[in-house]
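Notes for the one structure printed next.
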Amino acid sequence: MQLIDSRYIMASPEVVWAALLNPEVLKDCVPGCESMTGSAEDGFEAVVAQKVGPVSARFTGLVKLSDLDIGKGLTISGEGKGGPAGYAKGGAKVTLEPIEGGTRLSYEVEANVGGKIAQLGSRIIDSFAKKMADTFFERFQTAVEGPAEAEEGTDETQKKGWFKRLIS
């Protein structure tokens, strides 16, 4: 399964880059993530609980960051084992491009599964993988920007995510 998409994030590439390397941000963005420990240099160990169709599993695995081009892009790759349910592995090539008012975050996601999960069929797997990627990058955008809040008396929205507030 392969997915290519992009998001416009109203934060500088430096802020987006710092968020991509932060284990707390990653933990909050991965759907079903119960824990994430480690560092960007050594990799992260993660525990993720998911239900794919009728199959529920708790995956334990390793997430590594590679091809780091500071402030411009990186590759996120991971592999998790879910016991009898099977395994999942994949990655995302992420690029950051400065735009007026923020950053364009583009990503190419590739995912593979095996075991019981693979027996569900490609339509279910592809749909699940797309939903996981969309949810991750939506949560990531919200963590950096914050939810849109209308300012009293104006139509403009002010955004500032918890991560952006933390480093500001």
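Brief remarks follow.
- The condition of being among the hydroxyl-bearing types (Ser, Thr, Tyr) and either buried (at least 21 other Cβ atoms within 10 Å of the Cβ) or under 24 Å from ILE99 (Cα atoms) (or both) holds for only one of THR75, THR60, THR37, that being THR75.
- Qualifying residue in the stretch 22-33 (condition: over 14 Å from PHE137 (Cα atoms) and of a type in the set (A, V, I, L, M)): no
- Residue in the stretch 86-94 that is farther than 12 Å from LEU20 by Cβ, more than 17 Å from the chain's Cα centre (by Cα) and of a type outside the set (Val, Ile, Thr) present: yes
- Flag if ALA46 is of a type outside the set (Asp, Glu) and at pLDDT 90 or above: yes
To keep it simple, each residue is scored yes or no on (1) over 16 Å from the mean Cα position of the chain (by Cα); (2) at pLDDT below 95; (3) more than 19 Å from LYS131 (Cβ to Cβ).
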residue: GLY53; (1), (2), (3): yes, yes, no
residue: ALA57; (1), (2), (3): yes, yes, no
residue: LEU65; (1), (2), (3): no, yes, yes
residue: LEU96; (1), (2), (3): no, no, yes
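- Wholly enclosed strands (runs of 3 or more DSSP E) of the stretch 24-113 bearing at least 1 residues touching a helix residue (DSSP H, G or I) at 6+ places or on another chain (Cβ under 7 Å) and under 15 Å from SER6 (Cα atoms): 73-81, 87-99
- For the stretch 114-141, residues that are in a strand (DSSP E or B) and among the aromatic types (Phe, Trp, Tyr) total 0.
- Hits in the stretch 17-34 (condition: within 13 Å of GLY80 (Cβ to Cβ) and either among the polar types (S, T, N, Q) or buried (at least 17 other Cβ atoms within 10 Å of the Cβ) (or both)): VAL30, CYS33
- Scan of the stretch 77-123 for residues that are among the aromatic types (Phe, Trp, Tyr) and over 20 Å from ARG58 (Cα atoms), ordered by number: TYR107
- Enumeration of residues in the stretch 53-102 that are in contact with a Lys or Arg (Cβ under 6 Å, 6 or more places away or on another chain), on the phi < 0 side of the Ramachandran plot and touching a residue at least 24 places away in the same chain (Cβ under 8 Å): VAL55, ALA85, TYR87, LEU96, GLU97
- The set of residues in the stretch 142-168 being modelled with pLDDT of 80 or more and either assigned to a helix (DSSP H, G or I) or closer than 30 Å to ALA85 by Cβ (or both) consists of THR142, ALA143, VAL144, GLU145.
- For beta carbons closer than 8 Å, sequence separation of 6+ or different chains, a first residue in the stretch 137-153 that is on the phi > 0 side of the Ramachandran plot and surrounded by 11 or more Cβ atoms within 10 Å (Cβ to Cβ) and a second that is of a type in the set (Lys, Arg) and modelled with pLDDT of 60 or more, the qualifying pairs are GLY146/LYS164; GLY146/ARG165.
The values are calculated or read from the model by the stated rules, or taken from the named source; none is laboratory data. Being a predicted model, the structure only gives us computed values, none of them experimental. Note that each Cβ is placed from the backbone with ideal geometry, even for glycine, and that neighbours are counted across all protein chains shown.
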